[in-house]
Structures are given as structure tokens and as C-alpha cells.
1. Report every pair of residues separated by at least 6 positions or lying on different chains whose Cβ atoms are under 7 Å apart, first residue within the range 31-54 and at pLDDT below 95, second exposed (fewer than 10 other Cβ atoms within 10 Å of the Cβ).
2. Which pairs do you get when a residue that is within 13 Å of residue 38 (Cβ to Cβ), found in the range 59-73, comes within reach of a residue that is acidic (Asp, Glu) and assigned to a helix (DSSP H, G or I), reach meaning Cβ atoms under 9 angstrom, with the pair 6+ apart or on two chains?
3. Mind listing whichever residues of the range 29-62 are surrounded by 10 or more Cβ atoms within 10 Å (Cβ to Cβ) and either within 17 Å of the chain's Cα centre (by Cα) or acidic (Asp, Glu) (or both)?
Amino acid sequence: MKTAKAKTTSKPKKTSDTGKASKTKKVAPGKYVPSEEEIREKAREIYFERIARGEHGTAEADWREAEELLKGS
């Protein structure tokens, strides 16, 4: 007659978090990232100044300029 061996359960192996996608955006320490609202307000200022000077341009160019100015690039 055969005796049944009790099944042993092994603990799951611990895995490192490397290689997993992060849900939050990592930012280098000391680097300022402006909010969308801050960029929007700055782009609006740039737009009104550009129009007052009678210059042509686009909303996209105003947005990019606002981002660069706020980030300090």
C-alpha cells in the first residue's frame, strides 16, 4: 500500500521591481515641471503680447515657448 505524501507548498519567489512600468512620472531632483494650467496661462500671455506687436504665430508655438520659459530650458 502506498502512503500519500503531503504536498508542500513553496513560498512565491520575491522579484525585484526593476523592469516594471511606473505609474508615476519620475522627475530628476531639482527639475521644475510646470502644471498644464501654468503653461496655459503663460501661453495666453505670450499670445496677447504677440498680437499686440502685430506678429503672426500659432497657438502651438505659443504653448511650446511657454513650456520652455517655465522649465528654464
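The values are calculated or read from the model by the stated rules, or taken from the named source; none is laboratory data. All values reported here derive from a predicted model rather than from experimental measurement. Reconstructed Cβ throughout: ideal geometry from the backbone, glycine too, with neighbour counts over all protein chains shown.
1. 32/72; 33/27
2. Qualifying pairs under 9 Å: 66/38; 66/41; 66/45; 70/38.
3. 33, 34, 38, 39, 40, 41, 45, 49, 62 - these are the residues of the range 29-62 that are surrounded by 10 or more Cβ atoms within 10 Å (Cβ to Cβ) and either within 17 Å of the chain's Cα centre (by Cα) or acidic (Asp, Glu) (or both).
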